[in-house]
Amino acid sequence: MSAVWTLKALGLGAVGLTLSVEVLGWFFRRFGSKGFLKEVIFFPTEFACVEHVFEPTLQCLCPLPHGLETSLARLLRHVLSAKSTLDICVFAFSNMDLSRAVLALHSRGLVIRILIDKDYGGITGSQIGPLRRAGIRVRYDSGAVHMHHKFALVDGRRLVTGSLNWTLQAVQKNKENVMVTEEPRLVTPFVQEFQRLWDANDPEGCGRAAPLPQQGTERQGTERQGTERKGT
């Protein structure tokens with residue numbers, strides 16, 4: 001009789017161990033990455049001054065509300081958190097606050113790369129010209145269709161992505177979303193996609209130069225910018 005109970009006890013123990021392993025596996029899959037940064041930001045941003053993000057000790061005298069952690073302020077903090085590299089892959093880039101953040105990082109010696117859609121790189125108000133003139137590396141996507149990505153990689157480990165174009169219209173008026181994460185399973189594919197597009201649009205490799213936006217190009221881009229204002 002004792003042998004029978006011993007066998008039953010061993011059997012129940014084996015079942016319990018199997019269930020424990022399955023439960024632990026499910027728990028790890030569900031919550032294992034809980035320690036990684038995850039944040040969602042919605043736009044349009046609140047209308048407020050963001051000077052405190054750039055100069056925390058400066059007493060700004062502009063008439064806008066001050067000291068608010070707006071959606072734009074949160075996005076700027078993620079961009080400015082970069083310590084070594086910043087890769088930006090966006091359809092359009094005309095927001096001056098985000099451009100200021102990129103220029104601030106560039107002045108600190110960070111390695112910055114920007115990929116932009118070839119048709120929207122030179123629209124009126126685009127920040128690509130000033131960024132290039134500052135010495136930041138920019139490549140234009142040369143594909144036959146639009147490069148419609150909107151993401152950035154901070155130090156190759158923090159992903160900032162969503163529907164948001166880096167434009168004044170998108171930041172202040174459109175209903176947009178941004179997700180920020182350091183989950184490696186999500187970040188790595190974007191790192192690979194950026195590098196693929198960067199290599200594919202090497203001016204030497206594809207035989208086309210990436211000129212600075214010209215005044216005529218900017219005038220031609222006005223109509224395209226109007227399209228963007230409609231919700232691109």
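Please report, in debye to the nearest 20, how large the charge dipole of the range 83-161 is about its Cα centre when each Lys and Arg carries +1 at its beta carbon and each Asp and Glu carries -1 there.
320
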Peptides ranked, highest mean first, by Cβ atoms within 10 Å: ranges 155-165, 188-198, 50-60: 155-165, 188-198, 50-60
Longest to shortest principal axis, alpha-carbon extents of the range 38-187, angstrom: 46, 36, 33
Rounded, prolate or oblate (a/c below 1.5 giving rounded, otherwise prolate when a/b exceeds b/c) for the range 98-172 by Cα gyration tensor: rounded
Hydrodynamic radius (Kirkwood) for the range 27-110, which is based on Cα pairs only, to one decimal in Å: 14.9
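Read-outs: derived from the displayed coordinates by stated rules, not from any lab. Source: prediction; values computed, not measured. With ideal geometry, Cβ positions are generated from the backbone for all residues, glycine too; neighbour counts draw on all protein chains shown.
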